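Comments concern the structure below.
A short reminder: the numbers here are calculations on the coordinates, not readings from a lab. What you see is a predicted model, and the numbers here were worked out from it, not measured in a lab.
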Amino acid sequence: MNRLETFRPGPATAYGLLVTAAFLWAAGTVVARGVHADIPPMGLTFWRAVLALAILTPFALPALRQNRGILKKHIGLLVFLGVMQTVGQAFILLAVNYTTAINATLVNASQPALTAVLAWLVMRDRVNGWQILGIVLALVGVGVMVVKADLQILQAMDFNIGDVLVIVAVISWGIYAISLHRVPPELGLTTILFFVLATGAVGMIPVYAFETFFIRPMPFTGEAVLVVVILGFLISLLSIFFWNAGLREVGPNRASVFINLIPVFGAGLAIIFLDERLYAYHVAGAALVMVGITTVILKRRGGS
């Protein structure tokens, strides 16, 4: 069995992987927003899943053969995880066609709180006061950045179909996060990722076909192929692998708070690559996010 399949990071490494996954998702969102007018969202979702699956398959096949018996028992759960992950990715790409970056980021920032609530409802996973404080601090930090410390922006916000799509994506990722722990430990990371990607590729076929024939086809230009390669490898493959490894190690409550790093990294990338200015609310918001994440990590159950 390959080392990727049995990879189990320690706590410190797991947190590093979660930070890296958040950075890759932020970079992927920046790229997707930049090309959404030229590349249709369902086509991009389909082809990046196909590319990632093609890269992963040679590494996953030995584990798939070895664990055939276990896979038969848990095939439904693995397909379900694939559906939840794919819905989240597809709906985020679709949402940026309709909603603003401020709205999408703010709604997406609710995922840590939603994941904690889902974990409590479904898994009876206790959330202590320190965890709640850390989640709230991180959420406030994101809010400070996305509304530019101006409450009038928040008050004037009108939700549209794009915001609804982001909410669906957040719910899907929250369900994915709390369901991953139901996968038996005998099934490693490449096996889980293979089913996530395979489910996404197969499930997207009818949606991709509808988009191609009735909305707009996927352009196979040099730019489009490059975007598919970048997002397929970095987002569909590498970031999900990192996220799954970190999530399995530290649990959904602690892992989900790292979602709040996405707008922090996104702001940084925009400043570097889009020549946007750094404002005081960026610094204040990022500081609150880091304090919130540190609180969730260091303060364990029971206030220890």
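If you take the Cα Rg of the stretch 23-87 and divide it by 2.2 N^0.38 Å, with N the number of residues, what do you get? Spell out each step's value before the answer.
Values: Rg = 15.4 Å, N = 65, 2.2 N^0.38 = 10.7 Å.
So the stretch 23-87 has a normalised radius of gyration of 1.43.
Cα convex hull of the stretch 191-234: mean projected area in nm², to one decimal? If you can, show how the numbers build up before the last one.
Values: hull surface 14.2 nm².
Mean projected area for the stretch 191-234: 3.6 nm², to one decimal.
Can you grab the distance from the C-alpha centre of the stretch 49-76 to the C-alpha centre of the stretch 230-284, Å, no decimals?
27
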